[in-house]
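Enquirer: Below you will find the structure I want to go over with you.
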Amino acid sequence: MSERDGGSKLPHGALLLIAVATLLFADVLFLGNNFYLRDLFQYHFPLKRIVRDTIAGGEFPWWQRRISGGQPMAANPAYEIFYPPQWLILVGPFAFGFALHIVFHVYVALLGMYAFLRSLALRVEAAIFGAFSFGLSGFLLGTVTNLPTFFVWSWAGVVGWAVLRAVRTGRIGAAAIAIAMPLLVGEPMALAQMLLLIASGTLWLLWGPAASPDARRAEAPAATLDRRAAARVAGAMLLAVAIAAVQIVPAIDHARDSSRSRGFRYDVATDFSMPPARPLELFNPRLFGVLTPEAHAYWGVHLFRRGSPYLPSLYCGFAVAILALAGLLTRQRGWPLVLSLCAASYVLAIGDQTPLFRWLYDAGLRSIRYPEKFAAMGLVVTIVFAAFVCDRLLSGDRLVRRTAVEIAGAMAVLLLIGASICTPALFTSFWRLPSRAAPLASAARQTLFVAAVMAALWGMVIWRIRASRVWMFTAFALLLFDLGSFSNEALPRMPREFFTTPSIARSLEGVVFHRGEWTQGALAAQYASLSPGWTARNGLRPFSAASWGVRSVLEADFDETDLLPTHDLLDAMIRLGNSGFPQWSETFAELSNVRTILDYRAFRTAFQEAQGDPARLQPLVIHRLASHGTYFFPRALLPLDVVRVHTPESAFVPFPPFTPAPARVIAVRETSNRATIDVDASGRAFLVATVTRHKYWRATIDGRPAQLLPANFAYQGLEVPAGRHRIEMRYRNPLVIWGGAVSALALIALIPRRLRPRSEP
């Protein structure tokens, strides 16, 4: 069990990783449970459903019509159209495919990190330790609530293995493909950190202590490391960019057309700055409270501006914290690089707690937000370093063993002291909680005691780890208990019925405007205090209506990727609402073709009807409006500055208005990317299309090109001459095609020469 070669033992270790992950997620893979926490159900689930339904309908996903009056899909990385693992959502029923494509990335994380650590010549046991500490960490599983972040970091081990292979062999194909996977996801802050790790690791390998002949022989006896390897890695990165061009090129163009082109306010950019004390969570996963929102036991709310962190957990297992700290104190090889990267990660993650983020913002970096994301880099480095220290421990390094045991003992004592003094009065005072939260003190005391026991157990295991196979097995069991028992809390599930269509969704007609999300925040929070999950489902928050095929408009831009005309529409609505005009919502609902307005009901009434059962809670009340349809002829055209005097069946335009002639829509045939409208006009008329305006929409009248004009702030229309006509509208983004051509050429370049067809002489 101590061989350093990566040959015969690799399949056995990989099978163990797969088996454990399958067991931990058996309820999801086989019993119908599914993931739901935070953005996962409210945002990612509906977006993935739109992608699947569009493809299942036989169309390419250029455009979606269910959210915000319609928005681009292929160009927006949030839909991940070109990211191959996402295509697993097409497997089986949608809920199963959605769960499968998440669990698949857990397998990628486990196997990739294991392969990476084995390629660094670590023992099988150390590589398994590092793989589990990464793939089952509260950190990685917690990022599932934000899928792009989770997807990028799940490839960290694969990227590390592939880059190391390129350095050693000169073959860059695997590295290019591995790096291209995160690039196709397109989460900018995670990508920046991963690229920094690639560069730092390559430079350390080539010019740092690991580049010495002794270290080279110890870590890579068959490798040939030379200074040209840096150029190989750079070439692999450039080739990865070319492979991902199908997403990168249109995404850059889309960013210029979205609200991100205007940058974020400083308070938005620094939102979710990490509290400076949060790294203490590495020694106690529940230091700030229980993660599962249904438990209502998160007592560290006052440390976080929004009452909760962006990264639900930083925990990577108690052993990682002990061994990484022991490695730093004993100055194991690479400790200066580890300390530097962790320090940079920490300083960036705490955001506006230092002047650095202000300087970066003033320097022009205004399209990044949520500094806590930068903690990920330090956590990944810490896990890899802990695996190295574990290898030293298994090799018999007495200094590492003694230091690790002393750290474990010291932490056990400190945690026991914390548990002993955690009285209700001190607890509520320390966490600045009201007196009614005093019962949580017992839960906090219990978490401290459990963490103390875990520290003591790891101290015993580390002291005896080389004594026999029994202690090796004990260490493995303790590792799985430590991480596995926390996995359901970091990534909780809901039963199968949660992911079926709620009754409220079957009652809706036409386009929906959720007015309650704008005007009844306190009432929404009251419902969420009963059950955040069931409130999101039954309350259709915020995009979940799209999961059931419902179209909605006038939603707040959840991820700041909506087109600029949509933001102009929302800004105009907010201005009118703040002015005190009583009919602001009806006015903008009529402009947006709304058929149904949703408000929240009185909480007491809904609670009594549900008899306190969150699953039966019906928090919404429905208001019906008259609707003129997605395509209609207004009776009047008005300038944009007269919103208050808007009348039904009129339209606002930014050009000199004219008096339109009477006209009618005869028939409409509509798909995701196109619409055919048959009309009859008695004279010069104006057809309004309540579809978000974008430069890649094209229109024809009887086959001849027609100019699309702005209408109703975010939407579009066109002049129609007298007579009967067939109008066709079509959406295509040419940059996707051009980027796709670059990606295809890059992939062709990767084909081995021996497999390419030979031309005849």
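Enquirer: In percent, what relative contact order does the chain have, based on Cα pairs under 8 Å that are 6 or more apart in sequence?
Expert: It rounds to 15 percent for the chain.
Enquirer: Here's another thing I want to ask about it. Using a 1.4 angstrom probe with every protein chain in place, what is the largest-first accessible-area order of TRP62, TRP518, TRP87?
Expert: TRP87, TRP518, TRP62
Enquirer: Determine the sum of side-chain charges near TYR83: Lys and Arg each +1, Asp and Glu each -1, restricted to other residues whose C-beta is under 13 angstrom from that of TYR83.
Expert: Once all neighbours under 13 Å are counted, the net charge is -1.
Enquirer: How many percent of the accessible area of segment 10-97 is carbon or sulfur, using a 1.4 Å probe?
Expert: 72 percent
Enquirer: Could you sort 97-105, 659-667 so that the peptide with the highest average Cβ count within 10 Å comes first and the rest follow in order?
Expert: 97-105, 659-667
Enquirer: Order the peptides 34-43, 491-500 from the highest to the lowest mean number of other Cβ atoms within 10 Å of their residues.
Expert: Listed from highest to lowest mean packing, they are 34-43, 491-500.
Enquirer: How would you order 541-547, 563-569 from highest to lowest mean count of nearby Cβ atoms within 10 Å?
Expert: 541-547, 563-569
Enquirer: If you don't mind, another one. Full-extension gain between GLU609 and TRP87, please, as 0.36 nm times their residue separation minus the C-alpha to C-alpha distance.
Expert: Working it through step by step, the gained length comes to 183.8 nm.
Enquirer: For the chain, what does -39500 (n - 2.57) per DSSP helix run (n ≥ 4), summed and divided by total residues, give at 222 nm, in deg cm²/dmol to the nearest 500?
Expert: -15500 deg cm²/dmol
Enquirer: Cα atoms only, the chain: Rg and Dmax in Å?
Expert: According to the Cα coordinates of the chain, Rg and Dmax are 28.5, 94 Å.
Enquirer: Could you compute the net charge surrounding ALA524? Neighbours are other residues with a C-beta less than 9 Å from the C-beta of ALA524; K and R count +1, D and E count -1.
Expert: Overall, the nearby charge balance is 0.
Enquirer: Name the residues of segment 290-307 whose amide N is less than 13 Å from a point 7 angstrom out from the Cα of SER442 along the C-beta direction?
Expert: No residues fall inside that zone.
The values are calculated or read from the model by the stated rules, or taken from the named source; none is laboratory data. In this text the structure is predicted, and so the values were computed from the model without any measurement. Note: ideal-geometry Cβ built from the backbone for every residue, glycine included; neighbour counts use all protein chains shown. For accessibility, only protein heavy atoms count, side chains too; no ligands or nucleic acids. Shrake-Rupley method; radii C 1.70, N 1.55, O 1.52, S 1.80 Å.
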